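The values are calculated or read from the model by the stated rules, or taken from the named source; none is laboratory data. Since we're looking at a predicted model, the values are computed, not measured. Note that we place each Cβ from the backbone using ideal geometry, even for glycine, and neighbour counts take in every protein chain shown. The area values use the complete protein model at the heavy-atom level, side chains included, leaving out ligands, DNA and RNA. Shrake-Rupley method; radii C 1.70, N 1.55, O 1.52, S 1.80 Å.
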Amino acid sequence: LVLVPNTFFFFSRGKLGRYPPWPGKIVNPPKDLKKPRGKKCFFVKFFGTEDHAWIKVEQLKPYHPHKEEMIKINKGKRFQQAVDAVEEFLRKTKGKDQASSHNSNEEKNRRNSSEERGKQSAGEEKRKASLAEGKLKKGTGEGKKRVSSVSSERGSKSPLKRAQDQSPRKRGRPPKDEKDLTIPESSTVKRVMTGTVAGFKWPPSVSEPVKDSDPHFHHFLLSQTEKPAVCYQAITKKLKVCEEETGSTSIQAADSTAVNGSITPTDKKIGFLGLGLMGSGIVSNLLKMGHTVTVWNRTAEKCDLFIQEGARLGRTPAEVVSTCDITFACVSDPKAAKDLVLGPSGVLQGIRPGKCYVDMSTVDADTVTELAQVIVSRGGRFLEAPVSGNQQLSNDGMLVILAAGDRGLYEDCSSCFQAMGKTSFFLGEVGNAAKMMLIVNMVQGSFMATIAEGLTLAQVTGQSQQTLLDILNQGQLASIFLDQKCQNILQGNFKPDFYLKYIQKDLRLAIALGDSVNHPTPMAAAANEVYKRAKALDQSDNDMSAVYRAYIH
């Protein structure tokens with residue numbers, strides 16, 4: 001981080017050292033969030049996001065002295081937006097300071113004017129009192145008695161009591177609605193500032209509006225508030241209720257993408273098996289965030305790029321598991337997942353007590369349960385963690401991870417999940433994540449088939465497909481997914497972002513899941529038939545949006 005008036009640049013501690021600093025400001029952490037042990041650190045909010053993280057003191061640098069240097073180094077759009085947010089924050093703060101100063105001057109002038117009028121009035125009263133006193137001295141005893149009575153009435157109250165009566169408000173603790181809710185400046189911050197930023201004056205904190213919190217939020221609080229204590233307690237209470245009702249919790253990434261380098265990587269050795277569309281992006285982000293990663297892929301050539309980026313090469317799955325603390329795997333289907341674990345030189349041969357295996361493949365609950373049993377039988381620890389997303393989201397570190405199984409292992413994977421995704425959910429016992437993932441992909445696959453059906457119907461009835469897309473993008477169905485897939489169809493570009501053959505596989509498994517509990521899935525079944533036709537038209541290795549071709553042939 002880089003110090004500013006309440007603002008900092010945050011930089012990566014990753015071994016590759018390629019990722020930019022990021023602007024943020026120190027804020028008060030929630031009361032329930034424990035400070036990490038070890039070196040001194042601060043709870044920091046990042047500009048350009050609603051994200052927070054603990055940042056060590058040695059990662060702080062002044063903002064203004066480094067601003068131009070950082071802008072030259074970092075050309076990214078999101079970084080520039082974050083810097084703009086800093087400048088806007090400073091402008092508002094300066095404006096409020098100036099307004100406060102102006103109001104203060106006006107108040108001072110009013111007080112001075114009031115004092116002058118008071119002095120004049122006091123002089124007049126004194127003159128009148130003097131005249132009255134002269135008259136009283138000449139007056140009768142009755143007059144003296146009346147003056148004496150008034151004096152004794154005034155003197156019946158003590159000087160302290162009179163001062164309290166004259167004061168506009170009692171001294172001591174202010175009323176609740178007038179409490180100062182600004183963030184206090186810590187003594188540690190003052191010590192940090194005595195170096196390169198000696199003499200720098202911190203402006204008062206500016207409160208920000210409360211934003212809706214993620215009901216599954218677990219590790220990081222992603223919003224600030226004008227009344228921190230009250231809001232944090234309310235959110236914490238809401239989270240406890242949610243966790244009791246749903247049985248799920250989540251880890252939020254310190255930033256929704258790996259670009260800001262805000263993650264402190266685990267010191268555990270990480271293995272990764274499978275470098276397909278999803279696995280490649282995941283491994284890339286693990287390396288970017290400074291994790292130590294050993295990779296293996298059935299086609300060894302795919303490992304070369306990651307070895308150049310600092311990864312180590314494993315010759316077999318068994319070797320990767322035996323040399324790493326936590327091994328992730330992401331392969332295509334149930335058969336591939338079983339072969340990887342149970343096959344020659346497979347994962348199971350490298351499992352020893354304490355070794356951890358995380359299967360990120362989208363498979364059925366029966367398959368993942370079988371794999372969990374054989375891993376645990378050898379003393380290993382198991383977690384299923386299929387991911388929702390596509391190649392682009394994988395590359396951007398924006399996946400959603402659905403995990404189930406060993407809760408302790410889920411916690412151990414925290415920095416990895418933060419590197420590869422924006423959110424991760426813990427869903428309980430093994431099999432739950434597989435079921436949830438199939439349901440998510442069933443909805444997505446059915447929606448994609450409906451989009452293709454709508455576009456072809458527009459075409460055959462003489463309606464503009466582009467106009468249909470424009471209308472959809474202005475309505476309640478508007479989404480990145482809708483726009484991207486429609487653009488693929490309109491441009492005839494079916495380069496795979498999510499293979500058609502894999503979405504059809506997920507639909508098939510989801511239908512089987514429905515059958516296992518005697519639950520009808522007629523919409524998914526209809527969509528599955530359309531994808532099967534697209535596969536027959538040789539569209540398996542194209543993007544799922546190529547299901548459109550099943551309607552035009």
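Yes or no: segment 353-362 includes at least one residue that is out of contact with any Asp or Glu (no Cβ under 7 Å at 6 or more places or on another chain), over 21 Å from Ile282 (Cα atoms) and in contact (Cβ under 8 Å) with a residue 12 or more places away in the chain. Reasoning before the result, please.
Of segment 353-362, the ones out of contact with any Asp or Glu (no Cβ under 7 Å at 6 or more places or on another chain) are 353-355, 357-358, 360-361.
Imposing the further condition that a residue be over 21 Å from Ile282 (Cα atoms) reduces the set to 353-354.
From what is left, the residues that are in contact (Cβ under 8 Å) with a residue 12 or more places away in the chain are 353-354.
For segment 353-362, residues out of contact with any Asp or Glu (no Cβ under 7 Å at 6 or more places or on another chain), over 21 Å from Ile282 (Cα atoms) and in contact (Cβ under 8 Å) with a residue 12 or more places away in the chain: present.
Do you know which of the residues in segment 516-527 that are part of a helix (DSSP H, G or I) and touching a residue at least 40 places away in the same chain (Cβ under 8 Å) is surrounded by the most Cβ atoms within 10 Å (Cβ to Cβ)?
In the first step, residues of segment 516-527 are kept if they are part of a helix (DSSP H, G or I); the result is 516, 522-527.
Among the residues that remain, those that are also touching a residue at least 40 places away in the same chain (Cβ under 8 Å) are: 523-524, 526-527.
On the way: Met523: 14, Ala524: 24, Ala526: 14, Ala527: 27.
The selected residue is Ala527.
Might you check whether a residue that is polar (S, T, N, Q), buried (at least 22 other Cβ atoms within 10 Å of the Cβ) and within 19 Å of the chain's Cα centre (by Cα) occurs anywhere in segment 433-445? Show your work before the answer.
So in segment 433-445, the residues polar (S, T, N, Q) come out as 441, 444.
This time we only want the ones that are buried (at least 22 other Cβ atoms within 10 Å of the Cβ), so: 441.
Right, trim to within 19 Å of the chain's Cα centre (by Cα) and you get none.
Looking for residues that are polar (S, T, N, Q), buried (at least 22 other Cβ atoms within 10 Å of the Cβ) and within 19 Å of the chain's Cα centre (by Cα), one finds none in segment 433-445, hence no.
From the set of residues in segment 479-493 that are aliphatic (A, V, I, L, M) and open to solvent by 50 Å² or more (accessible area, probe 1.4 Å), which is modelled with the lowest pLDDT?
Ile480
Scan segment 532-546 and give yes if some residue there is touching a residue at least 40 places away in the same chain (Cβ under 8 Å) and over 34 Å from the mean Cα position of the chain (by Cα), otherwise no. If you could, list the steps in order and put the result at the bottom.
Residues of segment 532-546 that are touching a residue at least 40 places away in the same chain (Cβ under 8 Å), as a first pass: 539-546.
Checking the rest, the ones that are also over 34 Å from the mean Cα position of the chain (by Cα) come to 539-540.
Yes.
Look through Thr450, Thr467 and report the one residue that is part of a helix (DSSP H, G or I), free of Cβ contacts under 8 Å to residues at least 40 places away in the same chain and over 31 Å from the mean Cα position of the chain (by Cα).
Within the list Thr450, Thr467, the selection yields Thr467.
Considering only residues that are part of a helix (DSSP H, G or I) and closer than 21 Å to Ser332 by Cα, which ones fall in segment 371-415?
Within segment 371-415, Leu371, Ala372, Gln373, Val374, Ile375, Gln391, Gln392, Leu393, Ser394, Asn395 qualify.
What about Thr327, is it open to solvent by less than 20 Å² (accessible area, probe 1.4 Å) and either over 24 Å from Leu507 (Cα atoms) or not assigned by the TED database to the domain that holds Arg508 (or both)? Reasoning before the result, please.
Values: open to solvent by less than 20 Å² (accessible area, probe 1.4 Å): yes; either over 24 Å from Leu507 (Cα atoms) or not assigned by the TED database to the domain that holds Arg508 (or both): yes.
So Thr327 fits the description; yes.
Can you pull out the residues in segment 337-376 that are open to solvent by 50 Å² or more (accessible area, probe 1.4 Å), among the charged types (D, E, K, R) and over 17 Å from Arg298 (Cα atoms)?
Arg352, Asp366, Glu370
For segment 287-305, indicate whether the set of residues that are assigned to a helix (DSSP H, G or I) and within 26 Å of Ala512 (Cα to Cα) is non-empty. Steps first, please.
Residues of segment 287-305 assigned to a helix (DSSP H, G or I): 287-288, 300-305.
Add one more test, that the residue is within 26 Å of Ala512 (Cα to Cα), and what stays is none.
No, there is no match, as no residue in segment 287-305 is assigned to a helix (DSSP H, G or I) and within 26 Å of Ala512 (Cα to Cα).
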